[in-house]
1. Check K36 against each of (1) of a type in the set (K, R); (2) open to solvent by 80 Å² or more (accessible area, probe 1.4 Å); (3) closer than 15 Å to F129 by Cα; (4) assigned to a helix (DSSP H, G or I) and name the one condition it does not meet.
2. Restricting to the range 1-33, count the residues that are open to solvent by less than 50 Å² (accessible area, probe 1.4 Å), in a loop (DSSP other than H, G, I, E, B) and either out of contact with any Asp or Glu (no Cβ under 9 Å at 6 or more places or on another chain) or within 23 Å of P97 (Cβ to Cβ) (or both).
3. What tally of residues in the range 110-127 results from selecting those that are outside any helix (DSSP H, G or I) and buried (at least 19 other Cβ atoms within 10 Å of the Cβ)?
4. Identify all residues within the range 90-109 that are touching a residue at least 40 places away in the same chain (Cβ under 8 Å), outside any helix (DSSP H, G or I) and open to solvent by 20 Å² or more (accessible area, probe 1.4 Å); write none if there are none.
5. When residues of the range 60-89 are filtered for being closer than 13 Å to Y42 by Cβ and either open to solvent by less than 20 Å² (accessible area, probe 1.4 Å) or small (G, A, S) (or both), how many remain?
6. Output the residues belonging to the range 108-125 that are among the aliphatic types (A, V, I, L, M) and in contact with a Phe, Trp or Tyr (Cβ under 8 Å, 6 or more places away or on another chain).
Amino acid sequence: MKAKVLKNSDKIYFFHNKRCSKSREVKKYLDENNVKYSVVDYLNILPNKNFLKNVLVKLENNFEEIIRINEKIYKNLKIDEKAHTFENIMNLVTKYPELMQRPIVAIERDNEIIESIICRPTELIKSIFD
């Protein structure tokens, strides 16, 4: 992630799956470092499509990495459903949120997502806060 100075007014969003060890590691880091954040429980409450699009557009990772290609759901999709276009990926994560890679941390400033990152490996979280 590009080095940016975080402002107190920035909002941190954390796309979290409590069953995922990597996600729990990032949560532990955030908690231990007293980072204020809002959990995005994307498996139970899918975020607003515009918000999700803005998070994906600002990914420091390649946006294609957002899809968990080893999931059974993905493997059972038809070839045309697996096309790695931005629009198709948006449709996939909207229809099958469990296909979305995690954990994701996004930073919002002045009501705009300025950066987001898939924290895999989990050490990538440190690039934001260290």
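1. (4)
2. Adding up the residues that qualify gives 3.
3. So the count comes out to 6.
4. The answer is R102, E108, R109.
5. 1
6. I113, I125
The values are calculated or read from the model by the stated rules, or taken from the named source; none is laboratory data. Values in this document were obtained by computation on a predicted structure and should not be read as measured data. Every residue, glycine among them, receives a Cβ derived from its backbone with ideal geometry; neighbour counts consider all protein chains shown. Ligands, DNA and RNA are excluded from the accessible area calculation, which covers all protein heavy atoms including side chains. Shrake-Rupley method; radii C 1.70, N 1.55, O 1.52, S 1.80 Å.
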